[in-house]
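Some notes on the structure that comes next.
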Amino acid sequence: MYYILKDGRKVDLSRVVEVSEIRDEGLDTDTISESALSFSIRIKGSSSMKVTRNYHYADWGNEKLDLRKERSRLISAWQAYKKNKND
């Protein structure tokens, strides 16, 4: 079963091992005045995916809320997949 992230990437829920907490990555080196918030999805086979939201300091709250919702939806889908797999 796949979960589609807001940016269009697919996550194979059968291969997810862990979803990290949200971290403030600080200044984004690719931009002049933005910072980044992110969380990582660890996948079986020692790979991972990073989900990132860039923000300007004034938009910090909205971006963190959006990223928190994305992470919660992913975790809910992952837990539902695990529950259905074990039933």
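Values in this text are rule-based calculations from the coordinates and carry no lab data. As the structure is a computational prediction, the values presented were derived from the model and not from experiment. Neighbour counts run over all protein chains shown; Cβ positions are idealised from the backbone, glycine included.
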At 222 nm, what value in deg cm²/dmol follows for the chain if DSSP H runs of at least 4 each add -39500 (n - 2.57) and the sum is divided by all its residues, to the nearest 500? -11000 deg cm²/dmol
Highest-MSF residue in the chain out of 71, 53, 23 [GNM, Cα springs under 10 Å]: 23
Separation in nanometres of the label points that stand 7 Å from Cα toward Cβ, at residue 5 and residue 40: 1.3 nm
In whole Å, what are the extents of the chain along the principal axes defined by its C-alpha atoms, from largest to smallest? 48, 25, 21
Quick check: the angle from helix 60-86's long axis to the longest principal axis of the chain, C-alpha only, nearest 10 degrees? 10 degrees
